[in-house]
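Below is one structure, written out as structure tokens; the observations come after it.
The values are calculated or read from the model by the stated rules, or taken from the named source; none is laboratory data. Treat the numbers as computed from the prediction; the structure is a model and nothing was measured. Positions of Cβ are backbone-derived with ideal geometry, glycine not excepted, and every protein chain shown enters the neighbour counts.
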């Protein structure tokens with residue numbers, strides 16, 4: 001079984017921060033609106049609020065290609081701890097929305113590693129890293145988000161798909177065909 005690394009060493013990344021500033025340009029939400037055929041979203045004019053989660057169009061990692069790991073993410077050991085396990089996946093998250101972000105605003109995202117822990121999975125050891133992102137405009141909090149990232153050994157087969165549906169006030173079925181996935185991937189780099 002592959003070992004995830006020295007947990008005490010990895011926990012040395014807790015509290016590590018990075019900050020990015022971004023002008024919330026109009027093109028990304030206009031392009032996502034077209035991609036999702038989202039009639040409930042405005043026209044992307046300056047001052048319009050972004051729908052929840054559309055902040056994912058901004059603060060994208062712009063690592064040069066030669067600095068990427070095999071999984072397409074920046075190499076570990078910079079902002080994120082150097083976990084020895086090769087597969088990196090999003091495992092969950094939480095959000096809090098204080099006030100909407102608006103198109104044309106200048107926003108600052110502060111990201112902080114808040115947790116590193118090892119767990120035993122069904123067939124291997126896993127390492128979970130939690131990163132908290134706080135986004136503000138003119139010093140005023142707008143939203144926070146926590147990402148749980150799981151590091152695991154290389155896959156030995158195809159895992160079965162799982163479905164999670166949270167009931168809510170709004171739902172819309174979107175067929176994620178290859179073209180939609182390509183366009184969304186291009187928008188989120």
Every residue from segment 56-80 that is within 14 Å of residue 189 (Cβ to Cβ), modelled with pLDDT of 90 or more and in contact with a strand residue (DSSP E or B) (Cβ under 6 Å, 6 or more places away or on another chain): 58, 59
Unmet criterion (only one of (1) surrounded by 11 or more Cβ atoms within 10 Å (Cβ to Cβ); (2) over 24 Å from residue 117 (Cα atoms); (3) touching a strand residue (DSSP E or B) at 6+ places or on another chain (Cβ under 7 Å); (4) free of Cβ contacts under 8 Å to residues at least 60 places away in the same chain) for residue 47: (1)
Residue, farthest from the chain's Cα centre (by Cα), within segment 14-59, restricted to residues that are under 30 Å from residue 77 (Cβ atoms) and in a helix (DSSP H, G or I): 28
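Conditions tested, residue by residue: (1) modelled with pLDDT of 95 or more; (2) in contact with a helix residue (DSSP H, G or I) (Cβ under 6 Å, 6 or more places away or on another chain); (3) surrounded by fewer than 17 Cβ atoms within 10 Å (Cβ to Cβ); (4) within 22 Å of residue 184 (Cβ to Cβ).
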{"residue": "14", "(1), (2), (3), (4)": "yes, no, yes, no"}
{"residue": "23", "(1), (2), (3), (4)": "yes, no, yes, yes"}
{"residue": "38", "(1), (2), (3), (4)": "no, no, yes, yes"}
{"residue": "43", "(1), (2), (3), (4)": "no, no, yes, yes"}
Filter result for the condition that a residue is touching a helix residue (DSSP H, G or I) at 6+ places or on another chain (Cβ under 6 Å) and either under 23 Å from residue 31 (Cβ atoms) or in contact (Cβ under 8 Å) with a residue 60 or more places away in the chain (or both), over 57, 80: 57
